[in-house]
Amino acid sequence: MSALSTRFTELTGIEHPVVQDGMGPFKTAKLAAAVSEAGGLGTVSIPGMSGDPAALARVMREHIEETSSLTPKPFAVNVPVGRAEDGQILPISEAYIRAVIEARRADAGIERQLTVLTTSAGFPGEFRPLIADSGLIHIHKVGSTRQAIKAEHLGVDVVIASGYEMGGHTHAVPMHTFVLVPNVTEAVSVPVLLSGGARDGRTLAAALCLGAAGVAMGTRFIASEDNADWHPATARRIVEAGEGDDTIFPGVYSPARGLKSAGLAHLMDLTRQGATAAELLEYKDAAMIRAEEEGDLDSGILPAGQVACGIRDIARVAQLVPTMAAEAAALLSRLASAGQATTAG
Ligand SMILES: Cc1cc2nc3c(=O)[nH]c(=O)nc-3n(C[C@H](O)[C@H](O)[C@H](O)COP(=O)(O)O)c2cc1C
């Protein structure tokens, strides 16, 4: 029984309004299962945006099957919608979306569990009919009120409003969570999830106060025991991070945020020296894999949000997710009774 029921938990049938958001190209199959098992909504991430689309779509399908084998609960998949310079959808994005739909078609168990598709990065217009026909709940992640209104007009079911302090790809126009989320919740009528800076029961309560129906977190979940697909040094690095340790670097579709490292400094040098987009992508992918697989956080690159500086422990997801909901509920009811006392007085 959840301490906090919202329009998002009702729509998705999950217990707690806490989502583990996509963190590609890092593998999140086990983490997604742990978050869903804990009553939140876990998300399987894409294995990369460069490479053979058919081969990468097969890898993602394996990750979907792995997550499904680890929990009977609902989970999501995230697919960033990338576009070429001429505006055409990247074949890799299309391959991933079709792989999600095919995985559900091929297996009744996966169809029951894989109920949510989160698109991000570019506008998902071309895919909307396909997603709507598939019966998936469609979440789209945005970084501005204009994008949120456009997504609602398109027919998406839920919007994630993600502020500039978020980890991974952030937005070209820096809108911070505390300003963006109330703007978005005022502007659209679909449920909104706050993303960028959430980490505990207090930040979940704050999200609800801003009109959101839950939170979608990335960085908090890196620092967890259940992030078993990543080298344990990544979780420790998040816990050690202090204020000022994060920085912006050039991403694939927009600026990205990660923790400062020699690998990131070298990426900036390559950018200044005029390396091509393909060279930068290759370097970045290799540096992220070094961080994920070898725990090399010096020459590697670890995307993370500014909230890393406030994360002090390596959590157990089975405890973190329900505790966040219980703490948020307790805090909101304490504030409500304090408000009544003040009004009465
Ligand atoms: C390591 C890492 C990888 C990420 N990769 C993706 C991705 O593939 N697709 C996506 O939509 N967002 C991606 N993000 C953003 C997260 O989904 C989420 O929106 C963000 O982490 C929220 O901010 P927070 O880090 O403050 O919780 C990534 C974030 C991190 C930290």
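The values are calculated or read from the model by the stated rules, or taken from the named source; none is laboratory data. Computed from a predicted model, the values in this text were never measured in an experiment. FYI the Cβ positions are ideal-geometry reconstructions off the backbone, even for glycines, and counts take in every protein chain you see. The area values use the complete protein model at the heavy-atom level, side chains included, leaving out ligands, DNA and RNA. Shrake-Rupley method; radii C 1.70, N 1.55, O 1.52, S 1.80 Å.
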Please work out the ratio of the alpha-carbon Rg of the chain to 2.2 N^0.38 Å and round it to two decimals.
0.94
Please list Arg105, Arg334 in order of solvent-accessible area, largest first, computed with a 1.4 Å probe with all protein chains present.
Arg105, Arg334
Summing +1 for each Lys or Arg and -1 for each Asp or Glu, what net charge is found among the other residues whose Cβ lies under 12 Å from the Cβ of His138?
-1
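Quick one: net charge around Glu292, please, counting Lys, Arg +1 and Asp, Glu -1 for every other residue with C-beta under 10 Å from its C-beta. Kindly include the intermediate steps, with their values, before the conclusion.
On the way: positive: Lys27, Arg290; negative: Asp229, Glu293, Glu294, Asp296.
In short, -2.
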Report the residue, chosen from Thr276, Thr323, Thr145, that carries the largest GNM mean-square fluctuation when the chain is represented by alpha-carbon nodes joined by springs under 10 Å.
Thr276
Once ligands and nucleic acids are excluded and a 1.4 Å probe is used, how much of Val173 is accessible, expressed in Å² to the nearest 10?
100
With a 1.4 Å probe and all protein chains left in place, how much of the accessible area of the chain comes from carbon and sulfur atoms, in whole percent?
54
Spatial separation of Cα centroids for the stretch 172-205 and the stretch 68-90, in angstrom:
21
Length released on extending from Arg272 to Glu126, taking residue separation times 0.36 nm less the Cα-Cα span:
49.0 nm
Express the relative contact order of the stretch 202-345 as a whole percentage, based on alpha carbon pairs under 8 Å and six or more residues apart in sequence.
34
Need one value: the accessible area of Thr119 in square angstrom, 1.4 angstrom probe, rounded to the nearest 10.
0
Count the lysine pairs in the chain whose Cα atoms sit under 17 Å apart, keeping only pairs 8 or more residues apart in sequence or on different chains.
4
Could you please put Glu102, Glu85 in sequence from largest to smallest accessible area, using a 1.4 Å probe?
Glu85, Glu102
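Counting only complete DSSP H runs, which helices of the chain cover 27 Å or more along their long axis at the Cα atoms and score a mean Kyte-Doolittle of 0.5 or above?
317-344
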Per the helix-only calculation at 222 nm, which mean residue ellipticity applies to the chain, given -39500 (n - 2.57) for every DSSP H run of n ≥ 4 and division by its residues, nearest 500 deg cm²/dmol?
-14000 deg cm²/dmol
In vacuo Debye scattering of the stretch 142-258, one point per C-alpha: log10 I(q)/I(0) at q = 0.23 Å⁻¹?
-1.29
Which number do you get for Rg(Cα) / (2.2 N^0.38 Å) in the stretch 83-194?
1.11
Three principal axis extents, largest first, for the C-alpha atoms of the stretch 234-294, in Å?
34, 25, 20
Provide the net charge surrounding Arg257, with neighbours chosen by a C-beta distance below 10 Å and charges set as Lys +1, Arg +1, Asp -1, Glu -1.
-2
For the chain, accessible area per residue (1.4 Å probe, heavy atoms of protein chains only), Å²:
41
